[in-house]
Ligand code: CA
C-alpha cells in the first residue's frame with residue numbers, strides 16, 4: 001500500500017476513446033418496480049431497500065417502457081394489470097429488443113392465464129398476490145443467481161471476499177457485518193480497484209431516483225467501512241473521491 005497509490009489516476013479511457021457507460025461500477029442491485037397500486041408499491045419498496053436493493057418505481061406502462069429504455073436494471077418486478085397498458089406488452093417489448101433483464105411478474109391468485117402468458121412472453125418467475133415480502137426478496141435473489149450462471153460471482157480482493165448474491169463479506173474467512181449501504185459502497189469500490197468514485201457517483205449507485213440522501217451519508221458509510229475493515233481499506237483522493245487500492 002504505497003503512497004503512490006494515492007496519486008494514481010484511475011480513469012482509464014476506452015480503447016476507442018469514447019466513454020464506456022457499461023463499464024461503470026455497479027453497487028446496489030437495482031430493481032425496477034412497475035406497479036400501479038400505491039400501497040403494494042410502498043410496502044415492496046421498503047422491504048427491497050431493507051434488503052439492500054436500490055428501487056425505482058413506475059406506476060404505468062408508459063413510464064416503465066421509458067425507464068427500461070434508458071436505465072440498466074438488475075431485475076424487474078412487473079404487475080400485469082397496469083392502468084394504461086397490459087404488463088405483458090411491456091415484457092414482450094423488452095424481449096423483442098433482446099433485453100434479457102430478469103423479470104418477475106406479479107399476478108393475482110385467480111389470474112392463472114395471465115401467469116402462463118407472462119411466462120410464455122419471457123418472464124423468469126412469478127409471484128402471486130398477496131405475497132410475503134420475504135418471499136419477494138428470496139425470489140429476486142434466486143432469479144439473480146440463475147442470471148449470474150453457475151460461476152462463483154464473488155469479488156476477491158486481498159483478504160476480502162464479497163458475495164454480491166448472498167450479500168456477505170468476509171475478511172480472511174471471518175464474516176464482516178455490514179449495513180446494506182456500507183455493502184453497496186464497498187461493492188461499488190471493489191468492482192474496479194484503483195478507480196476513484198466521487199461522492200456523487202456513489203450516491204447515484206446507492207439510491208433510487210426519489211430517495212432522499214443525507215449530505216454526509218457517503219462519508220458515514222466510508223467511516224463505517226474503515227472501522228470494520230481497517231483504516232487503509234478505503235483511501236480518499238482529496239477533492240475527488242474514494243477508492244480501494246489495488247491488491
Ligand atoms: Ca395493478
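What follows is calculated from the coordinates using simple rules that are stated; it is not laboratory data. Note that the structure is predicted; figures quoted are calculated from it, not measured. Cβ sites come from the backbone with ideal geometry, for glycine too, and all protein chains shown count toward neighbours.
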Worksheet entry | Residue-averaged 222 nm ellipticity for the chain, from DSSP H runs of 4+ at -39500 (n - 2.57), nearest 500 | -11500 deg cm²/dmol
Item to complete: Taking 7 Å along the Cα-to-C-beta vector as the label spot, tell me the residue 138-residue 112 distance in nanometres, rounded to one decimal.
Response: 2.4
Discussion item. I'd like to know how the stretch 30-148 sits against the 2.2 N^0.38 Å rule of thumb: what's its Cα Rg over that expected value?
Written reply: 0.94
Fill in: Nearest-ten-degree value, helix 38-50 long axis tilted from longest Cα axis of the chain
30
Worksheet entry | Tail fraction, Cα-Cα pairs, the stretch 146-247, threshold 17 Å, whole percent | 51
Discussion item. Once you place label points 7 Å from the Cα toward the Cβ at residue 220 and residue 36, how far apart are they in nm?
Written reply: 3.7
Discussion item. Rounding to the nearest 10 and keeping the result within 0 to 90°, find how far the Cα-based axis of helix 217-229 lies from the longest principal axis of the chain.
Written reply: 60
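Which whole-number percent is the relative contact order of the stretch 153-243 (Cα, under 8 Å, 6+ apart)?
Working: 103 pairs, mean separation 21.7, N = 91.
Answer for the stretch 153-243 is 24 percent.
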Response to the item:
Shape descriptor, the chain: equivalent ellipsoid semi-axes (Cα gyration tensor, sqrt 5λ, whole Å, largest first) stand at 35, 19, 17
Worksheet item: On a 0 to 90 degree scale, rounded to 10, what angle separates helix 180-191 from the longest Cα axis of the chain?
Response: 70
